[in-house]
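Remarks on the structure that follows.
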Amino acid sequence: MNSNFTLTATSAAIFTALFSQGAFAQEATGKQQAQSEQDLEVITVKGFRGSLQRGINNKRFSDGVTDSIHAEDVGKSTDQNIADALSRVTGVTVQESDGEGTRIAVRGAGASLNQISMNGVALTSGLSGGSGSPVADQSVDLSSFSSDILSSIVVQKTSAADQDEGSLGANVVLKTVKPLNIKKPRRNFEVQGRYNQFSDDVDRKLSFSFSDKYFDDTFGVIVTASDETQHTRKDEYRAGWHEASINIPDGKARDAETGKIIRIAQDGMSPADFDENSEIVNTGDLYALTMSDASQIINTNQRDRKSITAGFQYAPSENTDIQLDLSHSQQDIVEDNQNFNMQFGLLDTNNEGDPQQDWWTVDRDSDTLVKRYSRHAKSRLYRNVGGYEQATNIATLNLQHWLSEDLKMNVLVGYSRTESDSKDNIGLFMTPNGVGNTSMYDIPLTSDDPNVVTLEPAGYDCTGSQCRIDVATGLMQVNSPDDVTLNFAPSLTNILDPNLFGAANLTKYDNSNSDTNKSLFLDFDWTVDFAGMTKIEFGAKYTNRVKDIVTQRDTFTDGATVFNAEGEEVSINGISTIRLADVLDDKAFPVDDFMAGILDGRDQAYMSGWDVVDPFKALEIVTPSNGESGKDVRLKIDNSGSRVMRSRRQSYLWKN
């Protein structure tokens with residue numbers, strides 16, 4: 001059967017339209033493609049769903065492997081800072097400090113291996129690792145920047161010729177809002193109040209955003225500012241374990257499962273040598289792991305953050321776009337760390353007549369000493385007060401101009417500088433030095449004489465669902481203020497005894513950092529259609545980075561030298577004479593539920609808090625400092641410091 005098909009007028013019109021559409025698309029110039037992309041961006045779904053869709057499209061059409069976040073609107077992100085915002089990107093791990101994100105790792109690469117830029121300029125960095133143990137690396141503290149200032153975040157996981165080098169992990173591109181892209185004028189003011197039940201503090205966040213367009217929508221301005229406070233509290237329990245197992249002597253410990261005294265069967269022994277009602281036999285030697293020390297720590301820190309960002313955009317024609325972005329952020333961080341550490345007397349044995357079988361308990365299934373009391377347990381007290389201030393300033397000027405329908409030029413001038421300096425700080429370490437080092441051997445278990453101090457063994461007990469750290473409650477008997485060997489205490493663990501503890505040393509740090517980056521980029525994008533290529537990108541870039549670092553931490557005892565505010569040398573003397581009662585702080589212990597839910601033993605008085613010491617008072621005692629309470633004392637700084645300088649000039653050619 002033969003069939004004849006006739007091309008009707010309607011079919012011919014459709015056929016012609018299809019072919020003409022394809023020809024037009026094939027002949028589109030680079031400028032027209034860019035304009036088309038902008039037009040497509042206009043007709044997107046608004047709201048959170050639209051933000052997700054833009055992120056998907058960005059990943060789909062990117063030349064490399066990327067993930068991105070697009071802000072649905074100015075100031076509407078729920079994240080408190082940029083690091084928290086990045087936590088929603090696949091492959092990004094956020095490092096936290098005081099309950100909020102600070103630095104990021106991408107696909108397992110450390111925080112110092114990522115390159116982070118804002119509006120095209122690489123961000124500079126401060127010191128990481130905390131005030132007491134600073135580390136000079138290239139990791140950027142993203143908690144300095146409020147997420148309110150951003151319009152998009154792009155994580156580029158593969159490198160390209162036009163990217164700023166220096167990354168083994170990822171290039172993180174942060175972009176602030178372009179005011180001409182905002183359709184309507186904005187006047188946003190936001191007030192947040194947050195109550196932290198754990199720290200019993202109220203925090204706030206104030207943010208303001210203003211944007212508008214002028215001169216027939218050719219000039220736009222946006223200003224975003226924020227001011228917020230954050231109080232944090234962290235209770236920590238840390239246990240240290242002895243490197244090697246210890247031998248459990250015959251008859252000197254109980255079995256955790258049965259409660260019976262553990263007997264070590266030796267050659268020649270018979271069943272008649274044991275009482276099966278009160279003893280359990282262990283064949284061969286018994287070794288067990290034991291805790292060496294335990295620390296109970298409370299951190300009460302405060303972080304105040306202020307930031308302001310301004311963007312100015314000018315588009316005199318459809319071929320030219322000029323953007324100036326300015327950003328300033330400042331953090332003021334106050335740190336307060338208090339640490340009660342107990343050592344469980346590993347090096348000193350109990351007396352032969354001590355009822356050690358009632359003080360020690362062994363879990364023979366795990367070969368662990370789950371209960372250990374000792375006459376030689378010893379407590380130590382630490383308090384470190386300090387912090388740091390950090391400020392970052394960023395400026396970028398970006399010029400984009402279409403030289404022709406196919407050739408686009410970008411010129412970027414960038415500047416970033418981060419400065420950080422230590423706040424007034426001091427650490428005080430106190431030990432039970434009010435009695436002789438060997439006096440605990442002489443303390444009797446019992447006495448009929450009420451004037452004789454009797455022993456209170458102390459240590460840890462982990463036989464229950466939670467461990468408990470038991471300390472003594474009796475006070476030291478002071479017989480001589482000058483000869484400590486004549487003083488006796490029931491234990492070296494009662495941190496509520498104001499006479500038992502004395503200063504051992506003082507610790508002070510002085511850290512400063514300045515990091516400056518200057519950069520200039522010239523980039524050309526040329527849309528072509530020959531030899532299988534569709535795009536050629538070429539350009540040049542220049543960067544200059546200078547980083548100055550000074551980190552110094554000194555622990556000093558009697559005879560050490562420091563400086564006062566006038567630069568005069570001051571010798572430290574009398575640390576060993578400072579008693580706990582001499583340096584009591586006016587402030588009470590910050591909480592009344594310390595270690596609740598972490599450790600057992602809340603029936604003990606110290607769990608409700610101990611006397612807080614003021615390390616600055618101790619420094620004032622040993623270095624009179626003109627009534628400044630020790631805060632004008634400075635270290636003898638090594639001015640050689642460390643300087644890192646890097647200058648690069650590069651050109652590149654990339655084709656696709």
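The values are calculated or read from the model by the stated rules, or taken from the named source; none is laboratory data. Note that this is a predicted model, so its numbers are computed, not measured. FYI the Cβ positions are ideal-geometry reconstructions off the backbone, even for glycines, and counts take in every protein chain you see. When the accessible area is computed, the model is the full protein with side chains, heavy atoms only, and any ligands, DNA or RNA have been set aside. Shrake-Rupley method; radii C 1.70, N 1.55, O 1.52, S 1.80 Å.
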Next item on the list: Take region 229-246 and flag every residue that is assigned to a strand (DSSP E or B) and either within 19 Å of residue 461 (Cα to Cα) or in contact with a Leu (Cβ under 6 Å, 6 or more places away or on another chain) (or both).
Entry: 236, 237, 238, 239, 240, 241, 246
Check: Which of (1) surrounded by 16 or more Cβ atoms within 10 Å (Cβ to Cβ); (2) assigned to a loop (DSSP other than H, G, I, E, B); (3) modelled with pLDDT under 90 does residue 437 not meet, given it meets every other one?
Finding: (1)
Check: For the subset of region 67-99 comprising residues that are open to solvent by 10 Å² or more (accessible area, probe 1.4 Å) and under 18 Å from residue 127 (Cα atoms), which member is modelled with the lowest pLDDT?
Finding: 98
Notebook entry, point to check: What are the residues in region 272-297 that are without any contact (Cβ under 8 Å) to a residue 60 or more places away in the chain and in a strand (DSSP E or B), if any?
Noted result: 279, 280, 281, 283, 292, 293, 295
Item checked: Given (1) within 18 Å of residue 344 (Cα to Cα); (2) surrounded by 17 or more Cβ atoms within 10 Å (Cβ to Cβ); (3) over 36 Å from the mean Cα position of the chain (by Cα), number of the condition residue 291 does not satisfy -> (3)
Check: Assuming residue 426 fulfils every condition listed in (1) open to solvent by less than 10 Å² (accessible area, probe 1.4 Å); (2) more than 26 Å from the chain's Cα centre (by Cα) apart from one, which condition is it?
Finding: (2)
Notebook entry, point to check: Within region 184-217, how many residues are of a type in the set (Val, Ile, Thr) and either in contact with a Leu (Cβ under 8 Å, 6 or more places away or on another chain) or at positive phi (or both)?
Noted result: 1
Next item on the list: Working carefully through the options 270, 295, find the one that is of a type in the set (S, T, N, Q) and at pLDDT 95 or above.
Entry: 295
Notebook entry, point to check: Out of all the residues in region 378-389, is one or more outside any loop (DSSP other than H, G, I, E, B), under 30 Å from residue 122 (Cβ atoms), open to solvent by less than 30 Å² (accessible area, probe 1.4 Å) and not basic (Lys, Arg)?
Noted result: yes
Next item on the list: Out of the residues in region 298-317 that are in contact (Cβ under 8 Å) with a residue 60 or more places away in the chain, farther than 23 Å from residue 124 by Cβ and more than 15 Å from the chain's Cα centre (by Cα), state the one that is most open to solvent (accessible area, probe 1.4 Å).
Entry: 314
Item checked: Residue in region 564-575 that is surrounded by fewer than 16 Cβ atoms within 10 Å (Cβ to Cβ) and part of a strand (DSSP E or B) present -> yes
Check: Where residues in region 456-508 are aliphatic (A, V, I, L, M) and part of a strand (DSSP E or B), which of them is farthest from residue 602 (Cα to Cα)?
Finding: 506
Item checked: Those residues of region 232-271 which are over 11 Å from residue 362 (Cβ atoms), out of contact with any Phe, Trp or Tyr (no Cβ under 9 Å at 6 or more places or on another chain), open to solvent by less than 30 Å² (accessible area, probe 1.4 Å) and in contact (Cβ under 8 Å) with a residue 24 or more places away in the chain, in sequence order -> 240, 251
Notebook entry, point to check: Among the residues of region 186-198, is any aliphatic (A, V, I, L, M), in contact (Cβ under 8 Å) with a residue 12 or more places away in the chain and over 28 Å from residue 154 (Cβ atoms)?
Noted result: yes
Margin query: Against the conditions (1) in a strand (DSSP E or B); (2) farther than 30 Å from residue 244 by Cα, where does residue 405 fall short? Just the number, please.
Written below: (1)
Next item on the list: Filter region 449-492 down to residues that are touching a residue at least 24 places away in the same chain (Cβ under 8 Å) and surrounded by 16 or more Cβ atoms within 10 Å (Cβ to Cβ), then give me how many there are.
Entry: 23
